[in-house]
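Working notes for the structure below.
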């Protein structure tokens, strides 16, 4: 039975006459039988049922009663008819009390079948008018009819409407539908709606207390508003409502924290991506690369170029441009890194402060070069469809692009760990880091390892650029805005330890986001920077320091 | 300086230092009396340098006591405070101030008020200059006083550092491999110099060169894996089978 | 002491040149009418005054970097704070002549609908108080920061990065309107100082000469510091900090004194800078500015004092030339300068001269130690 309802094939929203198909008609008929109502044989072939014809009256009381009767009649198009009445598009012919409905094109349609009624003279028709009494009857009827609609989304919306209106008249319809409702989500909504309606009714206190408890469990802002705005109830109910409000507030505060933590993890993963390449160059080579941010920028511009090239030459691949951008960005930045190492850095090993200055100069040159080539303005890099949009998870809004970046940062982190731990190159790199001379005398080509290490760190920065292009403006200043944060992450985490980098990035991201609602975005950032400065006073070598002799040399 | 000849000057008891699970010092105990010269030998990684780091406040031990003179707890003091107590140190790798003259190197080491606010003085005083003359004479660097220390030969740097130790005039000198990289003649002269210095100072000297240690003719402590393996005269220690096994070789 | 002051011939030479040129520019502007061959246009006066302020900032950086081995990438914070102290004084002097005509409140506060002066603006109507703050605030910040950092033995690149974060955080803070320092726009529209309009040639020459005197005093103070026993210890700290500790010195207190003196010099430089350029805003705290100041010192030659002055003036002459004639090229030129100087002349212009001289004289080792 339920399955059949599910296959009714409705479009979302309240169905109109046009969409009320044959299946619906059958289902509603079945429903009417189930309800134990005497369903008059549905008028086939244009002969309208009595329930519809009863609408053809100018007496408002009669009309209101007719609307209420129509709801129980099992008339397949009842909902559409009532809606048309509400919208003022329902007309009747005095002569035979036939009821018609005017569609958007102005054609007359038979109210019962929805088929265009040929040869009906508009002059012979009179519109049906409503007053407040009729309008109430219409609303109640629409609510009740929607509650029993085959489309669960419609039922859900109807339940939400009752929840807001707190209309006690909806209680019987809700009870009837609750007895059969099997869709859990809809059921929850209906229970809450019923409780709200109970609170709006003149029912006894114990029923209301149960209702308050049920609404408090719902726990969202609407529930809070309902409970907070409760008036004209007994002391006991008011108290229960106040307790409910407090409980909801606690829950909402928790949710906000969870949401902030998610934002924090998302920011942390961005920081991680930006810092992880730095952790390689700074952490294992001791090279301060102030142009690291520009390697990130190169990655972002590579993404831009790839996307533009595809837009022009292969638009059908546009959704997959990132798949091409990722390896390309890595290569471009890695190549730039290798060049920089050969041309500048290798002459400055052992002179960290001078490396810092030279690479800073390099960052200026790279920025200006990109500005000259691509212009000073922000470049638009689009999100592919699978990275757009958001979904809700237990009250927390999760955006797809942020989620993908978290996943991507983890892939990059673990990929890098794998390279460092499981490959021959990683082994050579660690050997050179620990004892350059010994590694050299064992036949490792240390200059080559240096160059490749630097290229690796820069390439990872390029990967970060791909990710950043999805959430940030691609501009020549892109790298600059991340460089201080990235250094903070590496210094905070402890040099030469990727786990430390992970923990530091996540901690900084989360603390930043948790502070933001309290202190504001800018002040939060300042506070984080100052906390970090203080932290470094306490633990100058970061969270996970290396110990022993290696440190001293 | 209140310690008398024969009193305990340095007292290490149960000193343990761990780096990432590796025990650099393992319940090391060592007693040095005032006026004594002690030679410390042992294979690489035996903990010789770590021991000096503990004594000079560079490394804090995880456990154990380190007492200097009449009750100063070295584990609670930092390097400058320990230096001010009267412990001087010469590093394994000669560390002089390369961009300053030989004279200024010694001048910086001369004892006196070390506080920054007392440092706004220009010319050196006559007693200071005389003392510098005397020290440079002792370490054979009189002809090099205007040279930058960075331009000295390896051996000369070693001697300059010893000169700086003399200028500092500490009660206890820690000397780490003073003759590494020296010619035989220089080694001979250094051992004479140490004996000379020992007349008025206590010395703890770490050295690999067994001939040098033998020439010093003092009590020897052999360290192994962070604790004392043997202690006594050089003949006694070098006859110890464990010492032969782990250090001297057969 | 006299020998200490005058024994460095390059420092003396630079001091004499600064004195002569500064004096000549002032006289050329005031004594000769426009149109005369010897007339110096007013914009040159202001530009020279600006260069001298940069030179003073560079001297401060050289003291801590060249002699103490502390590479501060955040000296702009001291410069900017000194500038803000002066800016606050100048704002107070505008009085009721602002756009909104409020008797006490500066325009931006009226605009923000503030009703009264924040407490930290009290006293800035007094010139003496403002000048005291221009030195005290940077000095205290340097003391607090240095005390914590040096005691924890934060050094090398770690320290550099933290100083950069410090100036970055300050910039973010000053961008906020509710800080009460004019937010984004900073402080501007100044009118007078010490009773004289800022727009007269006499005032501009006066400020130029004041800046010249400040540079000469800065040179003297730095020279005395580095020639004394203090300077020898500081140099030793730069080259072998651990060794200095084992000699019984506390490197942190030496570094702290040097940093505080340096910060005060930067503060004075900022205070002299603001009336000459007519504005102070949070962009003075941008990390980029601080790093640019470091490159002046690197170009001139660190650890020489004379080099700081030479470098600041030379690089800024270059900057003025490029940004007016070839603005596109300026960042390429500046970036290239960073790279080439560190790769090819690590001792800078003056450092190179010193080394050559010394080599001639003694035939001995390098003067500049490890960075």
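All of the numbers you see were taken from the coordinates with simple rules; none came from a lab. Source: prediction; values computed, not measured. Every residue, glycine as well, gets a Cβ built from its backbone with ideal geometry; the counts of neighbours run over all protein chains shown.
Points worth noting:
- Mean per-residue shielding of peptide C:341-348 is 4, counting Cβ atoms of other chains within 10 Å of each Cβ.
- Exposure proxy shown here: for C:122, A:262, C:51, C:254, the number of other Cβ atoms within 10 Å sets the order, fewest to most, as C:122, A:262, C:51, C:254.
- Under the criterion of Cα pairs below 8 Å and six or more residues apart, the relative contact order for chain B equals 26 percent.
- Site pair residue C:184 and residue A:417 shows an inter-label distance of 4.4 nm when each label is modelled 7 Å from Cα along Cα→Cβ.
- Spatial offset of the stretch C:287-349 relative to the stretch C:129-194 amounts to 23 Å, using the alpha carbon center of each.
- Across B:84, B:239, B:149, mean-square fluctuation computed from a Gaussian network of chain B (C-alpha pairs under 10 Å connected) peaks at B:239.
- The smallest convex shape that holds all Cα atoms of the stretch C:1-86, its convex hull, gives 143 Å³ per residue.
- Percent of alpha-carbon pairs separated by more than 56 Å within the protein assembly as shown: 40 percent
- When you restrict to C-alpha pairs under 8 Å that are six or more residues apart and normalise by the size of chain A, the relative contact order lands at 14 percent.
- Once the Cα-Cα distance is subtracted from the 0.36 nm per residue extended length, the residue A:255 to residue A:442 segment shows a gain of 61.6 nm.
- Length-normalised contact order of chain C in % [C-alpha pairs under 8 Å, at least 6 apart]: 31 percent
- A simple spin-label model places pseudo-atoms 7 Å from Cα toward Cβ; at residue C:177 and residue A:434 they are separated by 5.9 nm.
- Rg over Rh for the stretch C:92-185 works out to 1.09, both radii taken from alpha-carbon positions and Rh defined as the Kirkwood radius.
- Averaged over peptide C:258-266, the number of partner chain Cβ atoms lying within 10 Å of each residue's Cβ comes to 0.
- Volume per residue of the C-alpha convex hull in the stretch A:262-478, rounded to whole Å³: 130 Å³
- Anisotropy class of the stretch B:41-128 from Cα gyration tensor, a/c 1.5 cut: oblate
- Computed from Cα positions, the angle between helix A:184-200 and the longest principal axis of chain A comes to roughly 60 degrees.
- With 5 Å bins from 0: P(r) over the stretch C:39-80, alpha-carbon pairs, percent: 6, 20, 23, 18, 12, 9, 7, 4, 1
- In degrees, nearest ten, helix C:9-30 long axis to first principal axis of chain C (Cα): 20 degrees
- Between 0 and 90°, nearest 10: helix A:235-285 axis offset from chain A longest Cα axis: 30 degrees
- Estimated purely from DSSP H runs of n ≥ 4, each contributing -39500 (n - 2.57), the mean residue ellipticity at 222 nm for the protein assembly as shown is -19500 deg cm²/dmol once divided by its residues.
- Tail weight of P(r) past 25 Å, computed on alpha-carbon pairs of chain C, percent: 55 percent
- Cα-based Kirkwood hydrodynamic radius, chain A, one decimal, Å: 29.0 Å
- Per-residue mean of foreign Cβ neighbours for B:91-98 is 4 (Cβ atoms of other chains, 10 Å radius).
- Euclidean distance of C-alpha centroids, the stretch A:185-204 and the stretch A:343-397, integer Å: 55 Å
- Packing rank of A:422-431, B:164-173, C:334-343, where each peptide gets the mean count of other beta carbons within 10 Å, highest leading: B:164-173, C:334-343, A:422-431
- Where the alpha-carbon atoms of the stretch A:323-426 are placed on the principal axes, they occupy 54, 42, 27 Å, in descending order.
- At R0 = 41 Å, FRET efficiency that the Cβ-Cβ distance of residue B:196 and residue C:356 yields, to 0.05: 0.45
- Summary of packing: across the peptides C:30-41, B:72-83, the per-residue average of other C-beta atoms within 10 Å ranks them, highest first, as B:72-83, C:30-41.
- For chain C, built as a Gaussian network whose Cα springs stay under 10 Å, the top-fluctuating residue of C:66, C:156, C:301: C:156
- Annotation: extensible slack from residue A:129 through residue A:175 equals 13.4 nm (criterion: 0.36 nm per residue apart, minus Cα-Cα distance).
- Förster radius 41 Å - calculated FRET efficiency between residue B:78 and residue A:347 (Cβ-Cβ, nearest 0.05): 0.65
- Residue C:119/residue C:13 FRET efficiency (R0 51 Å; Cβ-Cβ; nearest 0.05): 0.60
- Antiparallel DSSP beta bridges within the protein assembly as shown, as percent of all bridges there, nearest 5: 70 percent
- Euclidean distance of C-alpha centroids, the stretch C:212-272 and the stretch A:308-341, integer Å: 51 Å
- Residue list for the stretch C:206-238, given a label point 7 angstrom along the Cα-to-Cβ vector of residue B:115 and an amide N cut-off under 11 Å: none
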